[in-house]
Amino acid sequence: MDQRFDPDALRTFAEEILTRAGVPAEPAHAVATGLVEGDVYGHVTHGLALLGGYVEEIENGTMATDGRPDVVADAGAAVTWDARRLPGVWTTMLAVDEAVARAGRHGVGAVAIRRSHHIACLAAFLEAPARAGNVVLIFSSDPSGAHVAPFGGTTPLYTPDPIAAGIPADPDPILIDVSMSITTAGMVGKLKAAGERFPHKWLLGPDGEPTDDPNVLDGGGSILPLGGLEYGHKGFGLGLLVEALTQGLAGYGRAEGPSEWGAGVLVLAFAPARFAGAEAFRRQTTWLAKAARAAPPRDPAKPVRLPGQLALARKRAAAVDGVPLSPAIVATLAGLAAKYGAPLPEAKEL
């Protein structure tokens, strides 16, 4: 049964673990904040479930801890960084801030990142800049991983390659976080650990036959592109776009054959004030959001929900009732607490 914890207490705990593992204060705070935000939003495979893996990478020296990203190229509105395998959640937060600042000057700002470590939940980077009136898009891929087969193929080629966007609107921003595969590698791992199967045949075995068994990825199977067997050409095309925008623009990726867990990242920011105006932008997006919510639902019990609406509702609930964590995640955190001498927060009484 899930246990609930105060979000602030979890952030403090995760930050303490990372600090004791050797991460400096600024990136430790950023990573802890990003991971807890993933759980707060309900992205449980990309929240504190990753903390143990991150600490192991630090201990192994495959996640760097010292210094800041190096500038590879700077062209005013666009800049390229070499993150040098520093904590990806932190370097992506820095990239969002940098892209927003450049958008304020040029209308558009772009930061491409090579050799980033894993960047966790993309939606966690979006809410704050969107509430401040900025449009932010994030693209991510992992050139060391191969889980998704190209449409019509059976051999894994690329990763789920998510696209995320934060769009200012009233009363809340629209928060989009969508993988270009029909499911994610994180969900595959979660179901494998639980001994469960997918609700539909979203995977391919090495023989090319569709299956719901997550274990096929261990034997050369693959995840179907977004759109599945019938319309996966759409997800495949979008996956190629993400690969090009991340690894292509950053100048580092599959062609180099990296083997370490990481990411290629592109952050784009738009300042509506530099286009037709911030109020004009918000007027259009708010009208669209209101019209979508007002659309007659197919099922009266399930009204139309905008992207991010459920995540933000979960966040508000978590501030009162706590963040739900599964027994497996709690056990991992308890192990880290014992190893590093940082007490795990008490579960909330409901």
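Within the stretch 211-220, the only residue that satisfies the criterion of being touching a strand residue (DSSP E or B) at 6+ places or on another chain (Cβ under 6 Å) and not in a helix (DSSP H, G or I) is T211.
Scanning the stretch 209-220 for residues that are touching a Pro at 6+ places or on another chain (Cβ under 9 Å) and free of Cβ contacts under 8 Å to residues at least 60 places away in the same chain yields D212, V216, G219.
Going by the conditions given, is W81 in contact (Cβ under 8 Å) with a residue 12 or more places away in the chain, aromatic (F, W, Y) and not in a helix (DSSP H, G or I)?
Values: in contact (Cβ under 8 Å) with a residue 12 or more places away in the chain: yes; aromatic (F, W, Y): yes; not in a helix (DSSP H, G or I): yes.
Taking the combined requirement at face value, the residue satisfies it.
Among the residues of the stretch 15-31, the ones that are more than 19 Å from G61 (Cα to Cα) and either of a type in the set (G, A, S) or modelled with pLDDT under 95 (or both) come to 1 in all.
Kindly indicate whether D177 is under 30 Å from A273 (Cα atoms), part of a strand (DSSP E or B) and acidic (D, E). Considered against the rule, which asks whether it is under 30 Å from A273 (Cα atoms), part of a strand (DSSP E or B) and acidic (D, E), D177 comes out as yes. Anything in the stretch 154-173 that is under 15 Å from L310 (Cα atoms) and buried (at least 21 other Cβ atoms within 10 Å of the Cβ)? List them, or say none. Within the stretch 154-173, G166, P173 qualify.
Which of the residues belonging to the stretch 320-339 are small (G, A, S) and either part of a loop (DSSP other than H, G, I, E, B) or surrounded by 14 or more Cβ atoms within 10 Å (Cβ to Cβ) (or both)? Steps first, please.
Narrowing the stretch 320-339 to residues small (G, A, S): 322, 326, 328, 331, 334-335, 337-338.
Once the filter is applied, which keeps residues that are small (G, A, S) and either part of a loop (DSSP other than H, G, I, E, B) or surrounded by 14 or more Cβ atoms within 10 Å (Cβ to Cβ) (or both), the stretch 320-339 yields G322, S326, A337.
The condition of being exposed (fewer than 13 other Cβ atoms within 10 Å of the Cβ) and of a type outside the set (S, T, Y) holds for only one of A342, A276, A271, A317, that being A276.
When you check E57 against the structure, is it in the same structural domain as A269 (by TED's automatic domain parsing), of a type in the set (D, E, K, R), buried (at least 16 other Cβ atoms within 10 Å of the Cβ) and assigned to a helix (DSSP H, G or I), yes or no?
Working: in the same structural domain as A269 (by TED's automatic domain parsing): no; of a type in the set (D, E, K, R): yes; buried (at least 16 other Cβ atoms within 10 Å of the Cβ): yes; assigned to a helix (DSSP H, G or I): yes.
Considered against the rule, which asks whether it is in the same structural domain as A269 (by TED's automatic domain parsing), of a type in the set (D, E, K, R), buried (at least 16 other Cβ atoms within 10 Å of the Cβ) and assigned to a helix (DSSP H, G or I), E57 comes out as no.
Residue count for the stretch 136-153, restricted to those that are surrounded by fewer than 24 Cβ atoms within 10 Å (Cβ to Cβ) and either part of a strand (DSSP E or B) or among the basic types (K, R) (or both): 1.
Taking V36, is it surrounded by 24 or more Cβ atoms within 10 Å (Cβ to Cβ), under 19 Å from M187 (Cα atoms) and among the β-branched types (V, I, T)? It is true that V36 is surrounded by 24 or more Cβ atoms within 10 Å (Cβ to Cβ), under 19 Å from M187 (Cα atoms) and among the β-branched types (V, I, T). Restricting the first member to the stretch 274-297 and to residues that are within 11 Å of P168 (Cα to Cα), and the second to residues that are surrounded by 14 or more Cβ atoms within 10 Å (Cβ to Cβ) and not hydrophobic (A, V, I, L, M, F, W, C), the beta-carbon pairs closer than 6 Å and six or more apart or on different chains are A278/G133; A278/P272; F281/P272; R282/P168.
The values are calculated or read from the model by the stated rules, or taken from the named source; none is laboratory data. What you are looking at is a predicted structure, and each value in this text was computed from that prediction instead of being measured. Positions of Cβ are backbone-derived with ideal geometry, glycine not excepted, and every protein chain shown enters the neighbour counts.
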